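To keep things clear, I will list the structure first and then write my remarks on it.
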Amino acid sequence: MDNQLLDIAKVWPGIQNIFSVPHSRKEYNKLSRLLDSLIDEVGEDESHPLASLMETLGSLIESYEIRNLPDLEGDMIHTLKMLMREHGLKQTDLAEIGSQGVVSEILSRKRQFNIRQVKLLSARFNVSPAVFI
């Protein structure tokens with residue numbers, strides 16, 4: 001075996017869960033939390049030593065999402081509910097878009113999003129505003 005592969009084989013047991021496509025929601029959530037922490041650390045600094053790791057984890061997460069998560073574009077209420085579930089949020093956790101009553105009316109389709117709410121949700125969940133339009 002080539003020396004580089006021998007080096008990788010030594011560290012692989014400790015890092016294989018990080019560098020594997022998630023196969024369950026639990027693995028996906030764990031990898032997503034790691035990526036969130038990495039994004040906080042690296043930010044926009046493409047020269048940061050961990051920038052390529054951030055890109056790699058994003059690709060692994062994307063592979064899982066393509067196979068297992070519904071398309072984020074389409075039903076905006078379904079998307080919001082899915083994002084809330086994924087982030088462990090309740091209606092009261094979305095105070096930035098309105099009271100619990102306003103959030104409830106949006107989720108029950110009695111009220112539509114306004115532009116301010118779309119911008120806030122887009123920023124909070126780091127998704128395109130198009131998913132809420």
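Condition check ((1) in the same structural domain as Asn17 (by TED's automatic domain parsing); (2) farther than 30 Å from Asn17 by Cα; (3) loosely packed, with under 13 Cβ neighbours inside 10 Å) across all residues:
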position: Gly58; (1), (2), (3): yes, no, no
position: Leu89; (1), (2), (3): no, no, no
position: Thr92; (1), (2), (3): no, yes, yes
position: Val102; (1), (2), (3): no, yes, no
position: Glu105; (1), (2), (3): no, yes, no
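If the requirement is being within 21 Å of Lys30 (Cα to Cα) and crowded, with 16+ Cβ neighbours inside 10 Å, which of these qualifies: Leu120, Leu80?
Just one listed residue meets the conditions, Leu80.
Name the one entry in Ile18, Ile66, Ile39 that is modelled with pLDDT under 90, surrounded by 12 or more Cβ atoms within 10 Å (Cβ to Cβ) and assigned to a helix (DSSP H, G or I).
Details: Ile18 fails: assigned to a helix (DSSP H, G or I); Ile66 fails: surrounded by 12 or more Cβ atoms within 10 Å (Cβ to Cβ).
It is Ile39.
One residue is enough: does the stretch 44-52 have a residue meeting the conditions surrounded by 15 or more Cβ atoms within 10 Å (Cβ to Cβ) and either not hydrophobic (A, V, I, L, M, F, W, C) or not in a helix (DSSP H, G or I) (or both)?
No, the stretch 44-52 contains no residue that is surrounded by 15 or more Cβ atoms within 10 Å (Cβ to Cβ) and either not hydrophobic (A, V, I, L, M, F, W, C) or not in a helix (DSSP H, G or I) (or both).
I'm trying to understand the selection: among the residues of the stretch 95-133, which are of a type outside the set (A, V, I, L, M), out of contact with any Ser or Thr (no Cβ under 7 Å at 6 or more places or on another chain) and assigned to a loop (DSSP other than H, G, I, E, B)? Spell out how you get there, then give the answer.
As a first pass, look at the stretch 95-133 and keep what is of a type outside the set (A, V, I, L, M): 96, 98-101, 104-105, 108-114, 116-117, 119, 122, 124-126, 128-129, 132.
Subsequent filtering for residues that are out of contact with any Ser or Thr (no Cβ under 7 Å at 6 or more places or on another chain) retains 96, 98-99, 101, 104-105, 108-114, 116-117, 119, 124-126.
If the condition is that a residue be of a type outside the set (A, V, I, L, M), out of contact with any Ser or Thr (no Cβ under 7 Å at 6 or more places or on another chain) and assigned to a loop (DSSP other than H, G, I, E, B), then Gly98, Ser99, Ser108, Arg109, Lys110, Arg111, Gln112, Phe113, Asn114, Asn126 are the ones that fit.
Of the residues Val21, Val11, only one is farther than 24 Å from Glu86 by Cβ, among the β-branched types (Val, Ile, Thr) and not assigned by TED's automatic domain parsing to the domain that holds Met82; which? Write out each step before concluding.
Details: Val21 fails: farther than 24 Å from Glu86 by Cβ.
Of the residues listed, the single one that is farther than 24 Å from Glu86 by Cβ, among the β-branched types (Val, Ile, Thr) and not assigned by TED's automatic domain parsing to the domain that holds Met82 is Val11.
The values are calculated or read from the model by the stated rules, or taken from the named source; none is laboratory data. Everything numeric here is computed off the predicted structure, so don't read it as measured data. Methodologically, a virtual Cβ is constructed for each residue, glycine included, from the backbone with ideal geometry; neighbour enumeration extends over all protein chains shown.
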